[in-house]
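To keep things clear, I will list the structure first and then write my remarks on it.
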Amino acid sequence: MLMSVRDARARWVSMARAEPLGRVLVYVALVTASACISTLLVAVTALTPPERASLIAVALGAWVLLVALGWTRGTLPLKPLLVAIGITLVLAIGTPSNQSGDVNSYAMYGRIITVHHQNPFASYPMHFEGDPMRRRVGQIWQRTPDIYGLGFTVIMAALAPVIGESAFLVHFAYQLVAVAAVGAMLWLLWRRTRNPAVLAFVGLHPLLAVSVVNGGHPDALVALGVLAGLLLAIERKPVLAGLAFAFAASVNFTALVAAIVLCVWAFRRWSRTEVAKFVAIVGGLGALPYPLMSGWLQNAHEHSGLVSRQSIWNAIGSFVSNADVLRTLASNGTMIIAGALLVVIAIRHTSRGTPELAIAAGLASFLVASSWVMPWYAFTALPLLALRRPNLLSWTVALYSSLVLLGEQYPSLSASTIGSGGHLFLQNLLPIAALACCVIVVVLRPPDVLAGELGEEPVDAAVTAAPRLAASA
């Protein structure tokens with residue numbers, strides 16, 4: 001078996017580096033990925049759910065091929081790659097948020113502060129019946145107060161007067177925030193690695209343009225803060241790293257998972273004074289505001305009981321008839337599974353020279369164990385995973401998020417709508433398989449044949465070890 005895997009690798013390397021075959025495959029993958037993403041953004045309302053799902057599947061396949069070619073060949077054509085990323089991002093902010101209506105909730109929370117002068121952490125959008133923005137908020141979120149951190153709540157309040165009641169600006173404003181964060185993130189990745197394959201891993205993943213930017217989600221801000229904090233920590237700048245992680249946590253509390261993993265990694269390497277500075281900044285500016293925000297803790301408790309259709313707890317729900325029991329299982333089970341995996345990560349994975357894989361594993365573990373799973377939640381881990389040669393964890397998170405996005409194209413995942421096979425796969429097998437892969441990576445630490453040559457060197461060294469081709473290849 002091992003020899004067959006080695007033979008397959010050798011054949012792949014030979015094909016990928018062959019000329020002109022390798023060059024042709026690169027451009028085919030590049031054009032296919034960007035064309036599918038662009039079509040989905042421009043023509044989403046004219047496409048049926050199966051057509052949208054098919055475009056995502058083809059874009060995902062092209063993205064996998066492009067990333068694999070980039071790492072095998074040592075580089076990708078930089079200018080065409082940047083053009084493709086640029087086109088998809090421009091279209092992402094030039095089209096309405098058809099994949100998600102969350103921007104309406106963001107706008108409403110901002111208006112609760114600036115227009116109605118109420119506490120968004122303790123007030124429902126439905127409380128403001130006469131507000132025209134309230135009518136655009138999704139039904140499930142009519143009774144859900146603000147669940148975000150103080151940082152993003154300030155951004156929502158700042159944008160509310162600019163947006164007003166405009167149906168266009170409510171999309172465009174948050175899309176601009178997301179694309180600005182993505183631009184900064186891609187610049188940091190390029191500054192760190194000078195590797196086009198790294199940019200392709202993040203910039204042409206279908207999740208970026210179709211979901212994160214087009215949906216105007218704050219996950220782009222969280223990802224930027226975590227990535228910046230990681231790079232600053234590698235440079236041993238605890239104060240600046242703490243500020244970056246505190247910013248990420250002030251947008252969404254899940255960034256605290258990343259901060260905990262980094263803190264354990266730093267404890268093995270930094271002085272106690274440096275660790276104390278990092279903990280004080282993240283704790284004081286990132287974590288402490290949450291219990292001090294009136295109504296937030298109660299809101300978070302209620303939110304933890306929500307179960308999305310592609311969560312592992314929804315699969316378990318097919319065996320649990322009582323909805324209250326399922327909510328309790330989901331709320332407590334998420335903490336138990338994610339907490340146990342986080343302990344293992346802290347013990348076994350923070351000994352690496354750099355902490356990006358440990359942090360990404362922590363974020364992924366929380367995601368796959370969560371009761372409420374949306375495709376854009378995985379985005380925070382992608383820039384971290386891009387810093388290493390693709391491995392089992394990288395492919396798991398990247399493929400899982402894309403398949404969740406694929407499932408989101410269907411208004412229902414019932415067997416009568418998408419067939420018994422699609423229902424079984426997207427609603428039951430997919431979350432279980434994703435959790436199993438995370439457990440394998442975190443607990444078993446598989447050998448190179450599974451994990452993709454996880455060395456201690458950062459991506460800079462990994463790239464120099466691969467044959468370099470001209471940037472225009």
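The values are calculated or read from the model by the stated rules, or taken from the named source; none is laboratory data. Computed from a prediction, not measured in an experiment: that's the story for all the values here. Cβ sites come from the backbone with ideal geometry, for glycine too, and all protein chains shown count toward neighbours.
Among the residues of the stretch 239-262, those that are free of Cβ contacts under 8 Å to residues at least 60 places away in the same chain and surrounded by fewer than 24 Cβ atoms within 10 Å (Cβ to Cβ) comprise Val239, Leu240, Leu243, Leu256.
Annotation: of all residues in the stretch 300-335 being over 23 Å from the mean Cα position of the chain (by Cα), of a type outside the set (D, E, K, R) and buried (at least 16 other Cβ atoms within 10 Å of the Cβ), the one that is farthest from Cys437 (Cα to Cα) is Leu326. Only residues that are assigned to a helix (DSSP H, G or I), of a type outside the set (Phe, Trp, Tyr) and either farther than 18 Å from Gly94 by Cβ or in contact with an Asp or Glu (Cβ under 6 Å, 6 or more places away or on another chain) (or both) were counted across the stretch 161-211, and they come to 17. Consider the stretch 57-98 and keep the residues that are touching a His at 6+ places or on another chain (Cβ under 8 Å) and not in a helix (DSSP H, G or I). The one that is surrounded by the fewest Cβ atoms within 10 Å (Cβ to Cβ) is Pro96. Looking across the stretch 1-25 at every residue that is aliphatic (A, V, I, L, M) and surrounded by 11 or more Cβ atoms within 10 Å (Cβ to Cβ), the one that is modelled with the lowest pLDDT is identified as Val5. Might you check whether a residue that is free of Cβ contacts under 8 Å to residues at least 12 places away in the same chain and within 20 Å of Ser394 (Cα to Cα) occurs anywhere in the stretch 9-23? Scanning the stretch 9-23, I find at least one residue that is free of Cβ contacts under 8 Å to residues at least 12 places away in the same chain and within 20 Å of Ser394 (Cα to Cα), so the answer is yes. All conditions but one from (1) within 23 Å of Thr417 (Cβ to Cβ); (2) crowded, with 16+ Cβ neighbours inside 10 Å apply to Thr48; the one that does not is (2). In the set Trp376, Trp372, only one residue is buried (at least 24 other Cβ atoms within 10 Å of the Cβ) and within 19 Å of the chain's Cα centre (by Cα); that residue is Trp376.
When each of Ala84, Ala92 is tested for being under 19 Å from Trp376 (Cα atoms) and touching a residue at least 24 places away in the same chain (Cβ under 8 Å), the lone residue that passes is Ala92.
Criterion applied to Arg309, Arg327, Arg236 was being among the basic types (Lys, Arg), part of a helix (DSSP H, G or I) and in contact (Cβ under 8 Å) with a residue 12 or more places away in the chain, and the one residue passing it is Arg327. When the residues of the stretch 123-141 are filtered to those that are part of a helix (DSSP H, G or I) and touching a Pro at 6+ places or on another chain (Cβ under 8 Å), the one that is surrounded by the most Cβ atoms within 10 Å (Cβ to Cβ) is Arg134.
State yes or no: is Arg111 charged (D, E, K, R), assigned to a helix (DSSP H, G or I) and surrounded by 24 or more Cβ atoms within 10 Å (Cβ to Cβ)? Taking the combined requirement at face value, the residue satisfies it. Just one of the numbered conditions (1) free of Cβ contacts under 8 Å to residues at least 60 places away in the same chain; (2) among the aliphatic types (A, V, I, L, M); (3) assigned to a loop (DSSP other than H, G, I, E, B) is not true of Leu297: (3). No other residue among Leu413, Leu429, Leu399 is closer than 20 Å to Asp102 by Cβ and surrounded by fewer than 24 Cβ atoms within 10 Å (Cβ to Cβ) apart from Leu413.
Each row is one residue, and each column tells you yes or no for (1) within 17 Å of Leu60 (Cα to Cα); (2) in a loop (DSSP other than H, G, I, E, B); (3) touching a residue at least 60 places away in the same chain (Cβ under 8 Å).
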site	(1), (2), (3)
Ala358	no, no, yes
Phe366	no, no, yes
Val373	no, yes, yes
Trp376	yes, no, yes
Thr380	no, no, yes
Arg389	no, yes, yes
Leu399	yes, no, yes
Ser402	yes, no, yes
Leu406	yes, no, yes
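Evaluate the following for Gly333: is it among the small types (Gly, Ala, Ser) and either within 23 Å of Gly242 (Cα to Cα) or modelled with pLDDT under 85 (or both)? No: the conditions fail for Gly333.
Between Ala315, Ala340, the distinction of being assigned to a helix (DSSP H, G or I) and either touching a residue at least 60 places away in the same chain (Cβ under 8 Å) or under 27 Å from Leu189 (Cβ atoms) (or both) belongs to Ala315 only.
For Gln118, the criteria (1) crowded, with 16+ Cβ neighbours inside 10 Å; (2) touching a helix residue (DSSP H, G or I) at 6+ places or on another chain (Cβ under 6 Å) hold in every case but one, which is (1). Scoring Val28 on the criteria (1) in contact (Cβ under 8 Å) with a residue 40 or more places away in the chain; (2) surrounded by 14 or more Cβ atoms within 10 Å (Cβ to Cβ); (3) farther than 23 Å from Gln409 by Cα leaves a single failure, condition (1).
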